[in-house]
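Read through the structure below, which is laid out as structure tokens, and then see the notes.
The numbers here are math on the coordinates, done by the rules we state, and not lab data. The structure presented is a predicted model; accordingly, all values stated were derived computationally and were not measured. As a convention, Cβ positions derive from the backbone with ideal geometry for all residues, glycine included, and neighbour counts pool all protein chains shown.
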Amino acid sequence: MIREISIKNIALIDELTISFNEGFNVLTGETGAGKSIIIDSVNLALGERADRELIQTGKDYARVELLFSLTEKQRRINDILSEFGIQPEEDGSLLLMRELTIQGRNLCKINGRLVTLSMLREISKHLVDVHGQHQHQSLLTPESHIAFLDRLGEKNLNPIKNELAHTWSSWQAIKKEIDKIQGLNRDGERRKDILKYQIEEITKAALKPAEEDALRKERAILANAEKIANMVNDSYQILYSGNSHSSSVFDGLAEAVNKLQGVQGIDEDLDSIINQLVSLKYNLEDVIHELRTYRDGFDYDPSRLDLLDARLDVILAMKRKYGETVEEILQLKAEMESELDFLENSQERLESLQEEYRKLYKVVLKQCRELSKARKKWARLLEEKLISELHDLNMSKTAFKVSFSTPDHPAAEETQITGITSNGYDTVEFLISPNPGEPMKPLAKIISGGEMSRVMLAFKTIIGDLDEIPTMIFDEIDVGISGRTAQKAAEKIGSIAKNRQVICVTHLPQIAAMADCHFVIEKVIKGNHTRTSVFPLSLAKRKEEIARMTGGSNLTQLSLEHAGELIDAAIKFKKTLDK
């Protein structure tokens with residue numbers, strides 16, 4: 001539930017904090033006092049579309065914080081927090097914050113952690129359900145009616161829907177493969193000729209992984225072969241053979257070692273030097289041996305260079321046509337061979353897929369019929385429940401029907417029908433006749449705001465029992481309701497508040513009297529500025545506010561007594577809910 005809302009720099013609000021209670025919270029006040037500002041602030045914190053005009057004139061930003069208390073039943077929210085990398089608080093508290101700047105930038109946080117707007121919305125949709133006089137669109141949109149129906153019967157319908165969705169997915173995957181084969185077959189012969197030519201060309205090139213690097217290394221050696229041979233021979237002579245003008249490095253080093261060994265054992269420091277020279281002599285001897293082996297084995301064949309250049313030209317030509325590296329070309333060849341095999345066997349594969357597609361279609365059709373049959377059972381139950389709820393709301397003459405239309409027909413198993421989705425083939429629309437003798441019309445054709453408010457409240461009473469959302473907000477959905485109907489609406493909302501937190505902005509005294517906690521919203525003039533303030537009311541002040549709502553600003557003893565009677569009647573009704 002919402003424990004607290006903090007608002008800063010929004011419209012007529014400088015800074016405001018409201019602490020809500022469990023059960024039924026009501027916000028009342030004169031027209032224009034700022035009741036809608038509170039709901040707009042809640043919507044802002046929940047991630048709804050932001051309007052910079054909400055920011056108070058002269059301020060750079062607006063900020064709203066919503067503090068929630070989560071129960072053990074709301075573990076799904078903790079799972080989502082974990083997915084976002086946010087550690088849930090041990091005491092079950094959850095803080096949502098959204099800040100909107102005059103430049104239009106959004107800053108969103110959950111438990112102090114920066115998040116995206118989409119992450120904020122993902123969390124908030126599990127926390128609060130907001131319904132206002134302008135938020136009947138889901139009920140007025142026929143496309144959403146099937147979701148209302150499925151929500152009511154989800155425990156029975158979901159297994160059927162899941163099975164259908166799985167079969168439908170497999171069916172569509174086969175359809176996609178059939179379309180692919182048929183698309184390829186339209187120019188299949190031409191494509192096969194191209195593939196065969198390209199595969200043969202790459203095969204003739206006989207490319208090998210890492211071949212190019214080895215060839216380029218060998219070419220570099222051959223291109224410098226004469227220079228290498230001369231330098232190796234000269235170096236060998238300097239190190240080992242020597243010439244008529246000077247002895248070799250090896251002979252000079254050997255002579256130095258022989259001389260120094262004559263005084264070895266006298267001075268430890270000199271012995272260390274001698275040992276290093278001896279080691280150097282052996283190492284040099286090994287190097288000279290390796291150099292001689294390299295010199296004797298070095299073979300320079302000028303014609304080999306031409307062969308290397310020709311091979312590298314082949315590889316370069318293949319790279320220009322088929323890929324940046326030999327490895328990419330070989331991978332492409334494997335893919336082309338696979339495609340060619342697919343094309344050459346496509347007709348047989350196509351016939352097999354088409355047979356499988358026809359079989360799965362019959363399974364899908366059967367599951368659609370099963371789902372439609374189950375939906376119609378729940379539709380009859382929804383009709384009964386809604387008519388009963390509307391009867392309580394003084395719409396006793398109202399007729400309500402869940403209308404079904406499907407593309408099904410007796411020959412559907414042989415002639416494939418269109419319009420099948422993973423959710424079946426039903427089109428559902430709610431029809432209503434508020435008055436006897438009037439024909440059934442789509443729900444969207446209802447003109448009266450009072451009728452629409454009552455229909456919505458009836459739906460929320462039915463569907464609300466199934467929702468796990470802990471807080472429900474009603475923003476003046478009592479438009480067009482009065483008298484006995486207002487009392488029934490108050491009892492409906494009071495019943496909803498028995499199992500969840502309800503926050504309701506209302507102008508009806510009957511609904512205000514049903515509250516467990518009552519707040520009044522007032523405009524307060526401070527200096528040259530008008531500001532909105534919110535105050536919790538004591539029992540005495542509640543009577544005064546409800547009396548104002550009943551009879552206007554001039555309070556009389558009679559209006560106060562009537563307000564007290566409304567509160568007493570509400571208390572008695574709520575006690576019946578406890579039984």
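General observations
- Nearby aspartates and glutamates by direct alpha-carbon distance to Lys333 (threshold 13 angstrom, same-chain neighbours under 8 apart not counted): Glu200, Glu201, Asp341
- In plain terms, the bigger the Kirkwood radius, the slower the diffusion; for region 148-230, with that radius from Cα pairs, at 4 °C and 1.567 mPa s, Stokes-Einstein puts D at 66 µm²/s.
- Once you divide the Cα radius of gyration of region 38-172 by 2.2 N^0.38 Å, the number left is 1.31.
- Among the trypsin sites (Lys or Arg not before Pro) in region 59-111, those located in a DSSP loop and surrounded by at most 11 other Cβ atoms within 10 Å of their own Cβ are Arg105.
- Close amide-amide hydrogen proximity is noted between Phe474 and His131, Ile503, Cys504, Val505, each under 5 Å apart and 5 or more residues distant or on a separate chain (H modeled in the peptide plane; Pro and chain starts excluded).
- Value of relative contact order over region 1-149, rounded to a whole percent, pairs C-alpha under 8 Å and six or more apart: 22 percent
- Rel. contact order, % - alpha carbon contacts under 8 angstrom, at least six apart, region 220-335: 25 percent
- 19 Å Cα-Cα reach of Lys180 towards lysines, excluding residues that sit fewer than 8 places from it in its own chain: Lys192
- The orientation-averaged projected area of the convex hull spanned by the Cα atoms of region 414-516 comes to 9.9 nm².
- Applying 1/(1 + (r/R0)^6) with R0 = 22 Å to the Cβ-Cβ distance of Glu383 and Glu163 gives a FRET efficiency near 0.25.
- When the helices of the chain are scored as -39500 (n - 2.57) per DSSP H run of n ≥ 4 and the total is divided over every residue, the value at 222 nm lands at -18000 deg cm²/dmol.
- With 0.36 nm allotted per residue and the present C-alpha distance subtracted, the Ala229-Ile178 stretch has 11.7 nm of extension available.
- Values of log10 I(q)/I(0), in the order q = 0.17, 0.18 Å⁻¹, for region 16-66 under a Debye, Cα-only, solvent-free model: -0.63, -0.71
- Packing-based exposure ordering (other Cβ within 10 Å, fewest first) of His518, His289: His289, His518
- The Gln331 and Gln416 beta-carbon pair, evaluated with R₀ = 35 Å, returns a calculated FRET efficiency of approximately 0.30.
- Glu53 paired with Ser246, simple spin-label distance in nm, labels 7 Å along Cα-to-beta-carbon: 9.6 nm
- Projected area averaged over orientations for region 324-412, convex hull of C-alpha atoms, nm²: 12.5 nm²
- Here each label is just a point 7 Å from Cα along the line to Cβ, and for Lys359 and Ser553 those points are 8.1 nm apart.
- Computed over region 465-547, relative contact order equals 26 percent, with contacts defined as Cα pairs under 8 Å that lie 6+ residues apart.
- Stretching the chain fully between Tyr300 and Val263 yields a gain of 8.4 nm (0.36 nm per residue, less the alpha carbon separation).
- Proximal lysines relative to Lys8, as straight alpha-carbon distance under 29 Å, when same-chain residues fewer than 8 apart are discounted: Lys35, Lys59, Lys109, Lys125, Lys523, Lys526, Lys541
- Whole-angstrom gap from region 56-99 to region 551-573, using each part's C-alpha centre: 39 Å
- Membrane-span-like helices in the chain, defined here as complete DSSP H runs extending at least 15 Å along the helix axis by their C-alpha atoms with mean Kyte-Doolittle hydropathy no lower than 0.5, are 35-45, 449-464; this is a sequence and geometry rule, not a statement about a membrane.
- Working note: Debye formula, equal point scatterers on the alpha-carbon atoms of region 202-279, no solvent; log10 I(q)/I(0) at q = 0.11, 0.21 Å⁻¹ is -0.59, -0.95.
- Cα centroid separation, region 215-241 to region 276-337 (Å): 15 Å
- Summary of the geometry: region 473-519 and region 340-418, compared by the centres of their Cα atoms, lie 39 Å apart.
- For Ile525 and Asp60, a Förster radius of 35 Å and the Cβ-Cβ distance give a FRET efficiency of 0.90, rounded to the nearest 0.05.
- Taking every DSSP beta bridge that has both ends in the chain, the antiparallel portion is near 70%.
- Matching label, Cα extents along the principal axes in Å computed from the structure shown, candidates (1) 89, 52, 38; (2) 139, 81, 46; (3) 86, 49, 45: (2)
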